[in-house]
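Chemist: There's a structure below that I have some questions on.
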Amino acid sequence: MRKNAFALLAGLLVLSIAAGGWAAEQAAKKAEPPSWKTSSLVEETAKVEAIDQKTRMVTLKGPKGNSVTFKASEEVRNLAQVSVGDDVKFSYYESIAVRVLKKGEAFPPSGESTAMARAKPGEKPAGVVGSQTSVNATITAIDKKAKTATLKGEDGKSVTVTPLRPEKLNEVKVGDRLVITYTEAIAVSLEKAAKK
């Protein structure tokens, strides 16, 4: 999904994903391991500048005046309802959640799932697509001076990361096991231009 729907639309509209607020989600009990989540929602509108129903070529003009032309795939239902002057609304949501597992708690299954919904034939054009990726990792090193942590994945590969909020390194230790979940979704809907 990232390489298809979002990359195309973000390129079209030059969406700037704002850094979401990082919210600590501490459990009420002190014995609970820490967890954190950051998320952002960006909403933009583009205007249909041109459309060729036969070739399915559509030109959208973004909020900053940038235009882009693309071919609407056959998955785009009800294209015949789209006209020059209509507004196409885009909403993009993404979040990253990190949870430290309790001592003795098993890693949950990791992997990726995707879901999609689109308008039924005859309805106003709209759709949503989302995906969620979950990975498991173990902290193998923490460098508070460099503000980094080294994580080892289930595949045995290691990566050194700099947390968005480095002070959170004080809440974890080497050997802690993490579940990291990345979620993204994009929704598109059509608003018909007012008749003159």
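The values are calculated or read from the model by the stated rules, or taken from the named source; none is laboratory data. Note that the coordinates shown come from a computational prediction; the quantities given were computed from them, not determined experimentally. Every residue, glycine as well, gets a Cβ built from its backbone with ideal geometry; the counts of neighbours run over all protein chains shown.
Chemist: So which residues in the range 71-114 are assigned to a loop (DSSP other than H, G, I, E, B), out of contact with any Lys or Arg (no Cβ under 9 Å at 6 or more places or on another chain) and hydroxyl-bearing (Ser, Thr, Tyr), if there are any at all?
Modeler: 110
Chemist: Residue under question is residue 117, and the condition is that it be at pLDDT below 95, under 30 Å from residue 79 (Cα atoms), in a loop (DSSP other than H, G, I, E, B) and of a type outside the set (Val, Ile, Thr); does it hold? Steps first, please.
Modeler: On the way: at pLDDT below 95: yes; under 30 Å from residue 79 (Cα atoms): yes; in a loop (DSSP other than H, G, I, E, B): no; of a type outside the set (Val, Ile, Thr): yes.
Taking the combined requirement at face value, the residue does not satisfy it.
Chemist: Can you tell me which residues in the range 34-62 are without any contact (Cβ under 8 Å) to a residue 12 or more places away in the chain, basic (Lys, Arg) and in a strand (DSSP E or B)? It would help to see each step written out before you state the result.
Modeler: Narrowing the range 34-62 to residues without any contact (Cβ under 8 Å) to a residue 12 or more places away in the chain: 52, 54, 59.
Next cut, basic (Lys, Arg) only: 54.
Result: no residue meets the conditions.
Chemist: From the list 148, 181, 138, which residue is under 29 Å from residue 89 (Cβ atoms) and either among the polar types (S, T, N, Q) or out of contact with any Phe, Trp or Tyr (no Cβ under 8 Å at 6 or more places or on another chain) (or both)?
Modeler: Details: 148 fails: under 29 Å from residue 89 (Cβ atoms); 138 fails: under 29 Å from residue 89 (Cβ atoms).
Unique residue meeting the criteria: 181.
Chemist: Show the residue pairs meeting these rules: Cβ distance below 9 Å; 6+ apart or different chains; first residue within the range 87-111 and polar (S, T, N, Q) and surrounded by 14 or more Cβ atoms within 10 Å (Cβ to Cβ); second residue modelled with pLDDT under 95 and in a loop (DSSP other than H, G, I, E, B).
Modeler: Qualifying pairs under 9 Å: 95/20; 110/154.
Chemist: Just checking, which of 101, 169, 178 is within 28 Å of residue 42 (Cβ to Cβ) and aliphatic (A, V, I, L, M)?
Modeler: From the options 101, 169, 178, the qualifying one is 178.
Chemist: Please find, within the range 124-171, the residue that is nearest to residue 190 (Cα to Cα) out of those that are in contact (Cβ under 8 Å) with a residue 24 or more places away in the chain and part of a helix (DSSP H, G or I). It would help to see each step written out before you state the result.
Modeler: To start, the set of residues in the range 124-171 that are in contact (Cβ under 8 Å) with a residue 24 or more places away in the chain comprises 124-142, 144, 151, 154, 164-165, 168-171.
Those left that are additionally part of a helix (DSSP H, G or I): 168-171.
Numbers: 168: 42, 169: 44, 170: 47, 171: 45 Å.
Among them, the one singled out is 168.
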